[in-house]
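Before any comments, here is the structure.
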Amino acid sequence: MRILFVSGNRVGDAVLTCGVLDHLIRRHPHCRVTVVCGAAAEGVFARMPNRERTILIDKQRFDRHWLELWLQVVGTRWDLVVDLKGSGLAYLLRARRRALRTKRHPIRMYEQHAAVLGISPAPLPIVWTAPEDRAKAASLIPEGRPAIAFGPTANWAPKTWAPDRFAALLQCLRAGPLPGAAALVLGGPGPHERALADPVLAAIPGAIDLCGKLTIAETAACIQRARLYVGNDSGLMHLAAACGTPTIGLCGTTADRAVEMAPIGRRAAWALAPEPTMEALSVESAFEACVRLLELDADAPDSGELVYSRTT
């Protein structure tokens, strides 16, 4: 069975499609999957089973990137084309079955993706790692004490929390539920991510600097070794939630899409500001959200339900 799967261009968008993709692979264990995504998201699928090929799409003027993609895939007869970008490409290919997203709904994004394929209940997003990724993570993160992973970067500066608030939150967590915790600072490659991570590293002496030093799969493996992840609304936040690690997303500026783009995982929640700015999100509110999440029974069944924290 040949499947063409058109995913997202960014890391977070791609992660949110992985639940339905994993569902398809489990349902058709001998399938061969061609994934279409943006260059930034390529690593999300690097360890994916049954991956035959990854085609990277680079947006161009007048939507010429869709023509270039069509030229690469038109020669194959597909058993299933899944287009979660809603481009209409599926109708221009030979396919036994087509599933494409035609419009957005005010529900969680991973549920929208599942609805395209008629999957219910919607499968939670997942991540794929390999033994070498987990070995790399084990070599980087000290044993014997809990680790807290921080994601202080985002694609847009107004979505970021102040460095001193990350430092203050760490102090609260060390004084409370996670005494002696090690701090990891994560981020993607490039000068933009580095510029956002450096002030947090300066505010947290002794933090382990992993910004821009890992592949996406290695980053996921490190997050899976952490006791808690706290980070801005970003692709890294979605990756952390999909890892199954207790994840608190920090949300202020993007509160208008809080339901649709919430972190989804076994234990994932927003800490929401009372106003649409990150400045309005207090350390106390974020700490309360972390404590509530850590107190949840780790053995409770996966539900994918959201837990919100809003300051008053």
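The values are calculated or read from the model by the stated rules, or taken from the named source; none is laboratory data. Everything quoted here is computed from the prediction, not taken from an experiment. Every residue, glycine as well, gets a Cβ built from its backbone with ideal geometry; the counts of neighbours run over all protein chains shown. Each accessible area value is taken on the protein alone, full model and side chains, heavy atoms only, with ligands, DNA and RNA left out. Shrake-Rupley method; radii C 1.70, N 1.55, O 1.52, S 1.80 Å.
Would region 166-174 turn up any residue that is touching a Gly at 6+ places or on another chain (Cβ under 8 Å) and on the phi < 0 side of the Ramachandran plot? Outline the logic, then answer.
Kept after step one, since they are touching a Gly at 6+ places or on another chain (Cβ under 8 Å), are these residues of region 166-174: 174.
Checking which are on the phi < 0 side of the Ramachandran plot leaves us with 174.
Yes, region 166-174 contains a residue that is touching a Gly at 6+ places or on another chain (Cβ under 8 Å) and on the phi < 0 side of the Ramachandran plot.
Ala154 is checked against (1) surrounded by fewer than 18 Cβ atoms within 10 Å (Cβ to Cβ); (2) not in a helix (DSSP H, G or I) and fails just one. What number does that condition carry?
(1)
Let me confirm something: among Leu228, Leu201, Leu186, which residue is of a type in the set (A, V, I, L, M, F, W, C), at pLDDT 95 or above, farther than 30 Å from Pro49 by Cα and buried (at least 19 other Cβ atoms within 10 Å of the Cβ)? Steps first, please.
Values: Leu228 fails: farther than 30 Å from Pro49 by Cα; Leu186 fails: farther than 30 Å from Pro49 by Cα.
Testing whether each residue is of a type in the set (A, V, I, L, M, F, W, C), at pLDDT 95 or above, farther than 30 Å from Pro49 by Cα and buried (at least 19 other Cβ atoms within 10 Å of the Cβ) leaves just Leu201.
Of a type outside the set (Asp, Glu), surrounded by 12 or more Cβ atoms within 10 Å (Cβ to Cβ), touching a strand residue (DSSP E or B) at 6+ places or on another chain (Cβ under 9 Å) and assigned to a loop (DSSP other than H, G, I, E, B): does that describe Thr76? If you could, list the steps in order and put the result at the bottom.
Working: of a type outside the set (Asp, Glu): yes; surrounded by 12 or more Cβ atoms within 10 Å (Cβ to Cβ): yes; touching a strand residue (DSSP E or B) at 6+ places or on another chain (Cβ under 9 Å): yes; assigned to a loop (DSSP other than H, G, I, E, B): yes.
For Thr76, the condition - of a type outside the set (Asp, Glu), surrounded by 12 or more Cβ atoms within 10 Å (Cβ to Cβ), touching a strand residue (DSSP E or B) at 6+ places or on another chain (Cβ under 9 Å) and assigned to a loop (DSSP other than H, G, I, E, B) - is met.
Do we find a residue being farther than 18 Å from Ala242 by Cβ, open to solvent by 80 Å² or more (accessible area, probe 1.4 Å), out of contact with any Ser or Thr (no Cβ under 8 Å at 6 or more places or on another chain) and among the basic types (Lys, Arg) anywhere in region 3-24?
Of all residues in region 3-24, those farther than 18 Å from Ala242 by Cβ come to 3-4, 6.
So of that shortlist, the ones also open to solvent by 80 Å² or more (accessible area, probe 1.4 Å) come out as none.
Checked against the condition, which is being farther than 18 Å from Ala242 by Cβ, open to solvent by 80 Å² or more (accessible area, probe 1.4 Å), out of contact with any Ser or Thr (no Cβ under 8 Å at 6 or more places or on another chain) and among the basic types (Lys, Arg), region 3-24 yields no hits at all.
Across region 179-211, which residue is nearest to the chain's Cα centre (by Cα) among those that are more than 17 Å from Gly231 (Cα to Cα) and part of a loop (DSSP other than H, G, I, E, B)?
Gly190
Which condition number does Val35 fail, the rest of (1) within 21 Å of Gly188 (Cα to Cα); (2) in contact with a strand residue (DSSP E or B) (Cβ under 8 Å, 6 or more places away or on another chain) being met?
Tallying (1) within 21 Å of Gly188 (Cα to Cα); (2) in contact with a strand residue (DSSP E or B) (Cβ under 8 Å, 6 or more places away or on another chain), Val35 fails exactly one: (1).
Determine the pairs where a residue that is of a type in the set (Lys, Arg), located within region 257-273, has a partner that is modelled with pLDDT of 95 or more with Cβ atoms under 6 Å apart, the partner being 6 or more residues away or on another chain.
Correct list of pairs: Arg266/Gly244; Arg267/Pro246; Arg267/Leu293.
Do you know which of the residues in region 213-258 that are hydroxyl-bearing (Ser, Thr, Tyr) and either within 13 Å of the chain's Cα centre (by Cα) or in a strand (DSSP E or B) (or both) is farthest from Ala183 (Cα to Cα)? I'd like the intermediate steps shown before the answer.
We begin by selecting, within region 213-258, every residue hydroxyl-bearing (Ser, Thr, Tyr); these are 215, 219, 229, 234, 245, 247, 253-254.
Subset that is either within 13 Å of the chain's Cα centre (by Cα) or in a strand (DSSP E or B) (or both): 219, 229, 234, 245, 247.
On the way: Thr219: 14, Tyr229: 10, Ser234: 19, Thr245: 15, Thr247: 15 Å.
Per the criteria, the residue is Ser234.
Against the condition open to solvent by 80 Å² or more (accessible area, probe 1.4 Å), at pLDDT 95 or above and either among the acidic types (Asp, Glu) or touching a strand residue (DSSP E or B) at 6+ places or on another chain (Cβ under 8 Å) (or both), how does Glu42 come out, does it pass?
yes
Among (1) in contact with a Lys or Arg (Cβ under 7 Å, 6 or more places away or on another chain); (2) in contact (Cβ under 8 Å) with a residue 12 or more places away in the chain; (3) over 28 Å from Ala240 (Cα atoms), there is one condition Val73 misses while meeting the rest; what is its number?
The single condition Val73 does not satisfy is (1).
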